[in-house]
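Below: the structure, in structure tokens.
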Amino acid sequence: MRGRLVSRDQHALCVGRTSLSEPYLLSPHVHVCVAGKHVVLLDLERDKYLTVEPAHRLSRWVRGWPVSEPPGVCARPPDRAANPSAGGLPEDGLLSKMIAQGMLVTDPKVGKEAVPVATTRPVTSLIDFDLDTPLAASAAHFGHLLMAYAAAKSALQFRPIKSVVGAASRRRARTQTRPCASRAELDQVRGLVGAFVYLRPLFFTARQACLLDSLTLLNFLAHYRIFPEWVFGVKANPFYAHCWVQQADVVLNDTPDFVRGFTPILVI
């Protein structure tokens, strides 16, 4: 693997930084964001996160890498005979690992640039999560939530996360989604989310279960032809991953103050 990297990188020129004649691209199942001083990658194929530090570490090798090298930094490409134990470039080992795991490709018809996702900053919560918020639910709500919960629980238990995310993405892509424009539409969603929150303790607790909570809510709202976004976010130092449901700048199953502490890495 190292010899192949070298033959490709021998064409690189150093003008302030090294540029590759064949830069690597992220595989479709890999997503990226900048969280603090780190670049974080989400590999849906393996359901794993990878933190890259320093953040500019792969900027010479991966097209669109979100953090550039500091000015004046210029390192040579890995040498064919370099001995990693003798202090070889750390990028060489990281690149080899990412290529071997299918996280990086060179085919532009398959790969994508390492550009972080853009989404609307959450501002408000659809309902107030306190004891003074009146909540109610009907028998129909209970039936729909039962089906939504069973589908979400089964999917997360028996299917890989890449398949679960892909199914949710395809479902949303088949619909004409748009922000709730009228007061009546927003009130409808608020009533449904209120019913969800009211009935949720009968099935599970949202504590430490953001995947199950968000997917169940997405399934529940889909019964009513409502398809909000599913947002995955991360924070560093210490590392923590979270997900929530959002429509425009409104958070449906969390509070904006909490989710604003996370950097979105994947939006469905």
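The values are calculated or read from the model by the stated rules, or taken from the named source; none is laboratory data. Here the structure is a predicted model, which means the values were calculated and not measured. Counting neighbours? That spans all protein chains shown, and the Cβs are built from the backbone with ideal geometry, glycine included. Each accessible area value is taken on the protein alone, full model and side chains, heavy atoms only, with ligands, DNA and RNA left out. Shrake-Rupley method; radii C 1.70, N 1.55, O 1.52, S 1.80 Å.
Summary table
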| item | result |
| --- | --- |
| Computed lengthening from Phe158 to Val115, 0.36 nm per intervening residue step minus Cα-Cα distance | 12.4 nm |
| Cα convex hull of the range 99-173, projected area averaged across orientations, nm² | 9.1 nm² |
| Lysines with Cα under 30 Å of Lys235, excluding same-chain neighbours fewer than 8 positions away | Lys37, Lys48, Lys97, Lys112, Lys153, Lys162 |
| Highest-first arrangement of 164-173, 194-203, where packing means the average Cβ count within 10 Å | 194-203, 164-173 |
| Accessible carbon and sulfur surface of the range 135-268 relative to its total accessible area, %, 1.4 Å | 56 percent |
| Protection proxy ranking of 29-42, 150-163 - average other beta-carbon atoms within 10 Å, highest first | 29-42, 150-163 |
| In order through the range 23-39: 3J(HN,Hα) via Karplus (6.51 cos²θ - 1.76 cosθ + 1.60), integer Hz, x for Gly, Pro | x, 7, 10, 6, 5, x, 8, 10, 10, 9, 7, 10, 10, x, 9, 10, 9 |
| Whole-number percent relative contact order across the range 148-258, with pairs defined as alpha carbons under 8 Å at least 6 apart | 27 percent |
